[in-house]
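Every number in this text was worked out from the coordinates using simple rules, so none of it is lab data. Quick caveat: nothing in here was measured; it's all calculated off a predicted structure. Neighbour counts are summed over all protein chains in view; Cβ atoms, including those assigned to glycine, are modelled from backbone coordinates with ideal geometry.
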Amino acid sequence: MKKLIAGNWKLNGSLAANEALLTELAQGLQASPAACDVVVCTPAPYLAQVHALKSAQSALAVLEVGGQDVSTQASGAYTGEISAAMLKELGCRYVIVGHSERRQYHGETDALVADKAKAALAAGITPIVCVGETLAEREAGRTEEVVKRQLAAVIHANGHCISEIVVAYEPVWAIGTGKTASPEEAQAVHAVLRAQLKAATDQSARIKLLYGGSMNAANAASLLAQSDIDGGLIGGAALKAADFLKIIAAASV
Ligand code: 13P
């Protein structure tokens, strides 16, 4: 299976910085084309800009654009929300749902995340469903229980469409901390998620399982070498073209 490298820009960027980053990515990809799938999930106001920059540079043909969140609603009186159809119109092929920062700071529940995945799928957008335990949950030995519960909600709400999702395992304690799960720790959780998906659909082999949490140019290769790690969801290192390109190269072997 082709690996998938997804950058999550979070609340970062500017018109000028995005253009500089994409120009540098284009140069790198021109010199050394990616043999994996690549997506950048940008703040919503920049989706059109990034999609236009991608369309203007042939070296960026491999690049897909994604959102960082989506509304469960199609339209109406929901101030501040962005619908899946709007993301689609702006060129998004993916959208992140249930990132731990949304669960933590915006109170997103498993049920809401499942409904967001459903809204994305209905619009033909691939949801990148994030799951992951906090440090307290890991220390209490609850990692498996937590990630299985989070994924079960999405499986339950989406039935056979579940084969169209991407899952990202992002241990909360590894996000932005520089503390990465070891390849073995990550693989152990990925194996649990893989088994859960296998029990849910006979199409599970096509579902990509990404690891996220302080993945960088130095540790990407060893994480990506694990049998159930099909790619990465990258925060900080996705904002530096040289680092993101190294991760793409590590996923292209
Ligand atoms: P960092 O790579 O900055 O740890 O962020 C990971 C993440 O949350 C990606 O969604």
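Here the Gaussian network model covers the chain, with springs between Cα atoms less than 10 Å apart; of Glu24, Glu139, Glu89, Glu139 fluctuates the most. Where a ≥ b ≥ c are the square roots of the eigenvalues of the C-alpha gyration tensor, would you call segment 131-253 rounded, which needs a/c under 1.5, or, failing that, prolate if a/b is larger than b/c, or oblate? Because a/c hits 1.5 or more and a/b fails to exceed b/c, segment 131-253 counts as oblate. Maximal additional length on extending the Ala16-Ala48 stretch stands at 10.1 nm, based on 0.36 nm per residue less the C-alpha distance.
Remark on Val39: its backbone amide H falls under 5 Å from those of Ile5, Ala6, Gly7, Glu64, a criterion applied only to residues 5 or more positions apart or on other chains, H modelled at 1.01 Å from N.
Dipole size of segment 154-246 about its Cα centre, with +1 on Lys/Arg Cβ and -1 on Asp/Glu Cβ: approximately 120 debye, rounded to the nearest 20.
Using a cut-off of 30 Å between Cα atoms, the listed pairs Lys54/Lys198; Lys2/Lys179; Lys198/Lys240; Lys148/Lys240; Lys118/Lys240 include Lys54/Lys198; Lys198/Lys240; Lys148/Lys240; Lys118/Lys240 as exceeding that distance. Under 13 Å from a point placed 7 Å out from the Cα of Glu144 along the Cα-to-Cβ direction: which residues of segment 174-199 have their backbone N that close? Backbone N within reach: 188-196.
At the listed q of 0.09, 0.17, 0.19 Å⁻¹, the Debye profile of segment 1-158, built from one uniform point per Cα, gives log10 I(q)/I(0) equal to -0.33, -1.02, -1.18.
When only the Cβ of Lys, Arg, Asp and Glu is charged (+1, +1, -1, -1), the dipole of segment 42-183 relative to its Cα centre reaches about 200 debye. Taken about its Cα centre, the chain carries a charge dipole of roughly 280 debye when the Cβ of each Lys and Arg holds +1 and the Cβ of each Asp and Glu holds -1.
Extension gain for Met1-Gln27 works out to 6.8 nm (0.36 nm per residue, less the C-alpha to C-alpha distance). Please compute the net charge surrounding Gln104, taking Lys and Arg as +1 and Asp and Glu as -1 over other residues with Cβ under 14 Å from its Cβ. Counting the neighbours of Gln104, the net charge comes to -4. In the chain, taking the dipole from charged Cβ atoms about the Cα centre, the farthest positive-side position among Ala77, Leu239, Pro171 is held by Leu239.
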